[in-house]
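Single-structure report; data block below.
The values are calculated or read from the model by the stated rules, or taken from the named source; none is laboratory data. Here the structure is a predicted model, which is why all the values come from computation and not from measurement. Here the Cβ positions follow ideal geometry from the backbone for every residue, glycine too, while neighbour counts run over all protein chains shown. For accessibility, only protein heavy atoms count, side chains too; no ligands or nucleic acids. Shrake-Rupley method; radii C 1.70, N 1.55, O 1.52, S 1.80 Å.
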Amino acid sequence: MAQPIIISQSGSYHYVQDTAGELTIYVLLFTSEEVDIEVSQMVSGCSVTIKGLCYISNKDSARVHTHVKHLASEGQSQQVVKFVLNDEAKGEFFGELYIAKDAQHIDAQQTNRNILLSRQASMRTRPQLIIYADDVKASHGATTGQLDENALFYMQQRGISKSTAQQLLLQAFVKDVLPLSLDGVSEHIQERLLSLGIGEEV
Amino acid sequence: MSLLEIRNLRASIAGKEILKGVNLTINEGEVHAIMGPNGAGKSTLSAVLTGHPAYTVTEGQVLLHGKDLLSMPPEQRAREGVFLSFQYPVEIPGVSMVNFLRTAVNEKRQYEGKEPLKATEFLKLMREKRALLEMADKLNNRAVNEGFSGGEKKKNEIFQMAMLEPCLSILDETDSGLDIDALRIVAAGVNKLKTPNNASIVITHYQRLLDYIVPDFVHVLADGQIVKTGTKELALELEQKGYEWLNQ
């Protein structure tokens, strides 16, 4: 499989899949950034995975827009984008999924899950599915909430400090959107992941 | 000095008073059963003793080995040796049992000024304690309580108790949802963990559990107060006559 693409700063990123194959993109944002990703599948048999983690604090705001365009049949797309927002941070996810009339047998999933760590943090999320083909599987889901209070108390009752308990829950939350290997991830991003205690394998 | 001393404890949730002046003294080596009708405040008592944030203590005092328990955050109470076997153990997806327990054991050791356990020592300890509860190895690689059956969750509570070696264990309806085999294993586990220096509070609706975990004292909690205290015979009497009998 090809080396995944890692996006960690603002910009518009366009990818055209004109041969059958897999594309994997990770978005890792830790400060104010605006990222637009567009992926167009031109031929049948393409697959794209977009995973994202935006972990921001202070008054920073991060925006991720994705546009996945299925223009050919037998394509797959999977998007899982997560935001962790602390302090007064603002997050925005806009996920557009387009399936053209002739693009049959598409399997497309989009998930956006967000955790607000403070009452002042806020999240906007807007999934948009535009589907013209009639024989496709497409799903989307978005949730925004806080860390599970019952789980936090359960861990504290076992002697784990609240901050460590929060970190364990956050590690669990972000696990599935991080790259399997930090090779190829810039040192700056590696530092950020490790300082948040979420990059290390347990 | 008593292990635990509860003095005139009053507590409320969302403005509603649940505990209305509880007094209870527990010494080392003792097992106390707390029985009572639904809504009497049994689970509230365990939540207040462990520092659940939903409850507000409005009056009274709780001393653990003479220390003011109520001023401590939940994790400190746990490190001081208060353990709650939850009535409804919480599922924590994505956090493995090993990671969870290693963190808990080592944070407690750090609090006690001890070195953290090395990985091999920790895994050995887990193996030993797991055998006590006749638990399958595979449970420890799974996320905390996730997908565990009702019986597995209750065994897992007592397993954690074995790992943490508390001085005061509160078993909140540990028998609910257990079949007779699981009940026997769980009770045997609790009995093996009994020492002359620790104590237990066993909260239950049914006398059945007390056939296996024999209490030194039985208390009846009704409408937020302990209204009667006796020995294990009181539990049998309650089983026959119901709680209504106490009002007569």
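With respect to (1) surrounded by fewer than 17 Cβ atoms within 10 Å (Cβ to Cβ); (2) without any contact (Cβ under 8 Å) to a residue 40 or more places away in the chain; (3) within 18 Å of A:Glu149 (Cα to Cα); (4) at the interface with another protein chain (Cβ under 8 Å from one of its Cβ atoms), the lone exception for B:Tyr111 is condition (3). Of the conditions (1) part of a strand (DSSP E or B); (2) without any contact (Cβ under 8 Å) to a residue 24 or more places away in the chain, B:Arg7 satisfies every one except a single condition; which number is it? Result: B:Arg7 passes all but (2). A residue that is closer than 23 Å to A:Asn150 by Cβ, among the charged types (D, E, K, R) and at pLDDT 90 or above occurs nowhere in region B:188-211. Restricting attention to region B:48-65, the residues that are surrounded by fewer than 21 Cβ atoms within 10 Å (Cβ to Cβ) and either basic (Lys, Arg) or touching a strand residue (DSSP E or B) at 6+ places or on another chain (Cβ under 6 Å) (or both) total 9. Residue selection: A:Gln156 satisfies the criterion of being in contact with a helix residue (DSSP H, G or I) (Cβ under 6 Å, 6 or more places away or on another chain), outside any loop (DSSP other than H, G, I, E, B) and not aliphatic (A, V, I, L, M). Listed conditions (1) within 14 Å of chain B (Cβ to nearest Cβ); (2) open to solvent by 60 Å² or more (accessible area, probe 1.4 Å); (3) free of Cβ contacts under 8 Å to residues at least 40 places away in the same chain are all met by A:Gln156, apart from (2). In region B:23-70, the residue that is nearest to the other protein chains (Cβ to nearest Cβ) out of those that are of a type in the set (Val, Ile, Thr) and not in a strand (DSSP E or B) is B:Thr50. Could you say whether any residue in region A:93-114 is assigned to a loop (DSSP other than H, G, I, E, B), surrounded by fewer than 17 Cβ atoms within 10 Å (Cβ to Cβ) and either among the hydroxyl-bearing types (Ser, Thr, Tyr) or within 14 Å of chain B (Cβ to nearest Cβ) (or both)? Looking for residues that are assigned to a loop (DSSP other than H, G, I, E, B), surrounded by fewer than 17 Cβ atoms within 10 Å (Cβ to Cβ) and either among the hydroxyl-bearing types (Ser, Thr, Tyr) or within 14 Å of chain B (Cβ to nearest Cβ) (or both), one finds none in region A:93-114, hence no.
Residues that are more than 22 Å from B:Val190 (Cβ to Cβ) and basic (Lys, Arg) were ranked within region B:125-142; the one that is nearest to the other protein chains (Cβ to nearest Cβ) is B:Arg142.
Applying the criterion of being out of contact with any Lys or Arg (no Cβ under 9 Å at 6 or more places or on another chain) and without any contact (Cβ under 8 Å) to a residue 24 or more places away in the chain to the residues of region B:91-105, the residue that is nearest to the other protein chains (Cβ to nearest Cβ) is B:Asn99.
Taken over region B:143-183, residues that are over 24 Å from B:Lys108 (Cβ atoms) and within 14 Å of chain A (Cβ to nearest Cβ) amount to 0.
Just one of the listed residues (A:Gln3, A:Gln17) is open to solvent by 40 Å² or more (accessible area, probe 1.4 Å) and either more than 19 Å from A:Thr111 (Cβ to Cβ) or not charged (D, E, K, R) (or both), namely A:Gln3.
Could you say which residue among B:Lys138, B:Lys153 is of a type in the set (Lys, Arg), free of Cβ contacts under 8 Å to residues at least 12 places away in the same chain and open to solvent by 20 Å² or more (accessible area, probe 1.4 Å)? Testing whether each residue is of a type in the set (Lys, Arg), free of Cβ contacts under 8 Å to residues at least 12 places away in the same chain and open to solvent by 20 Å² or more (accessible area, probe 1.4 Å) leaves just B:Lys138. In region B:71-90, the residues that are facing another protein chain (nearest Cβ under 9 Å) form no Cβ pair under 6 Å with any partner that is of a type in the set (Gly, Ala, Ser) and open to solvent by 40 Å² or more (accessible area, probe 1.4 Å), whether six or more places apart or across chains. Only one of the numbered conditions (1) closer than 23 Å to B:Ala131 by Cα; (2) touching a Phe, Trp or Tyr at 6+ places or on another chain (Cβ under 9 Å); (3) hydrophobic (A, V, I, L, M, F, W, C) is violated by B:Ala222, and that is (1).
Given the structure, is B:Phe122 open to solvent by less than 10 Å² (accessible area, probe 1.4 Å), more than 9 Å from chain A (Cβ to nearest Cβ) and among the aromatic types (Phe, Trp, Tyr)? So B:Phe122 passes the test. Checked against the criterion of being over 26 Å from A:Leu23 (Cα atoms) and either in contact (Cβ under 8 Å) with a residue 60 or more places away in the chain or under 15 Å from the mean Cα position of the chain (by Cα) (or both), region A:108-122 has at least one qualifying residue.
Please determine whether any residue of region A:182-199 is of a type in the set (D, E, K, R), touching a residue at least 12 places away in the same chain (Cβ under 8 Å) and farther than 30 Å from A:Val39 by Cβ. No, because not a single residue in region A:182-199 is of a type in the set (D, E, K, R), touching a residue at least 12 places away in the same chain (Cβ under 8 Å) and farther than 30 Å from A:Val39 by Cβ. A:Val68 falls short on exactly one of the conditions (1) open to solvent by 40 Å² or more (accessible area, probe 1.4 Å); (2) more than 24 Å from A:Ser181 (Cβ to Cβ), and that condition is (1). Residue check: B:Ala188 meets all listed conditions (1) of a type in the set (Gly, Ala, Ser); (2) under 30 Å from B:Met1 (Cβ atoms); (3) touching a Phe, Trp or Tyr at 6+ places or on another chain (Cβ under 8 Å) but one, namely (2).
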